[in-house]
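Below is one structure, written out as structure tokens; comments come after it.
The values are calculated or read from the model by the stated rules, or taken from the named source; none is laboratory data. Worth saying up front: this structure is predicted, and the values here are computed from it rather than measured. Here Cβ is always computed from backbone atoms with ideal geometry, including for glycine, and neighbour counts include all displayed protein chains. Only protein heavy atoms, including side chains, enter the accessible area calculation; ligands, DNA and RNA are left aside. Shrake-Rupley method; radii C 1.70, N 1.55, O 1.52, S 1.80 Å.
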Amino acid sequence: CRMECKDIAADTLYDVLHDIEYRKKWDTNVIETFDIGKLTVNSDVGYYAWKCPKPLKNRDVITLRSWLPTGADYIIMNYSVKHPKYPPRKDLVRAVSIQTGYLIQGRGAKSCSITYLAQVDPKGSLPKWVVNKSSQFLAPKVLLPQLKTEPNSTKDRQLLHNHSQVKIKPSKRSSFLLKHQLLSPQGPG
């Protein structure tokens, strides 16, 4: 999914996607999200649980995420891992992010484009056609559910403006250094 974002600077959108507290304000599907620990200056492990439409059971995922600012462009990528302190919960289905991420490309001082790629196995007993069909509708919703770019979205622009005044540094997200030996890949199988 690709989207042009007018009046949203690339660095602001990058910060918005990194800020888990701010995510709770714009992501209407989030149930719970938190940092588990930092691996390096530009990688961490985190937890994210989200609401699914009824009658589906809600999902969660643990991902190793890494990011790279490259001038006016930014990359954020993740994939699922297992962590012994965070086993699957009985009330949720543990999904698998095979490869998911964002490419944010600056288009001047106050605009950007964002490309969202998601290769996810939602697990559970969903027919493949349901997964494929729902991705056509869910990807744009996941991409920027509340941050619209039409002229009538002044409330959303104000949220972005307020957020851009207090930029976060992803390297300061989690101070707990995680031992990579605790992690193991969680593949789609």
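Could you calculate the FRET efficiency of I98 with E4 from 1/(1 + (r/R0)^6), where r is the beta carbon distance between them and R0 is 25 Å, rounded to 0.05?
Step by step, r from the Cβ atoms, then E = 0.40.
Roughly how many percent of the accessible protein surface of the range 2-148 is carbon and sulfur, given a 1.4 Å probe and a whole-percent answer?
Details: 4460 of 7550 Å².
Result for the range 2-148: 59 percent of the exposed heavy-atom area is carbon or sulfur.
Taking amide hydrogens as modeled 1.01 Å from N in the peptide plane, which residues meet the under 5 Å criterion relative to E32, leaving out close sequence neighbours?
Those qualifying (amide H under 5 Å, at least 5 residues apart or on another chain) are A49.
How far apart, in nanometres, would the label points at K123 and R107 be if each is projected 7 angstrom from Cα along the Cα-to-Cβ direction?
Label at K123, label at R107, 3.7 nm between them.
Please tell me which of these pairs span more than 19 angstrom C-alpha to C-alpha: K51/K85; K57/K85; K54/K90; K25/K85; K24/K90?
Details: K51/K85 22 Å; K57/K85 22 Å; K54/K90 17 Å; K25/K85 27 Å; K24/K90 23 Å.
The pairs that break the limit, which is 19 Å between Cα atoms, are K51/K85; K57/K85; K25/K85; K24/K90.
Could you list which residues have their amide H under 5 Å from that of G37, counting only those 5 or more apart in sequence or on another chain, with H placed in the peptide plane?
Counting only residues 5 or more places away or on other chains, the set is V45.
Might you work out the accessible area of K24 for me, using a 1.4 Å probe with all protein chains in place, and round it to the nearest 10 Å²?
Its accessible surface works out to 100 Å², give or take rounding.
Subtracting the Cα-Cα distance from 0.36 nm times the residue separation, let me have the gained length for D73 to K85 in nm, one decimal.
0.9 nm
Given +1 on the Cβ of Lys and Arg, -1 on the Cβ of Asp and Glu, and no further charges, what dipole in debye does the range 2-148 carry about its Cα centre, rounded to the nearest 20?
Magnitude of the dipole: close to 700 debye.
Label 7 Å along Cα→Cβ of K57; the range 21-40 residues with amide nitrogen under 12 Å?
Under 12 Å, as judged by backbone N against the label point of K57, lies no residue of the range 21-40.
Once you put a point 7 Å from the Cα of L182 and another 7 Å from the Cα of K25, both along the Cβ direction, what distance in nm separates them?
3.0 nm
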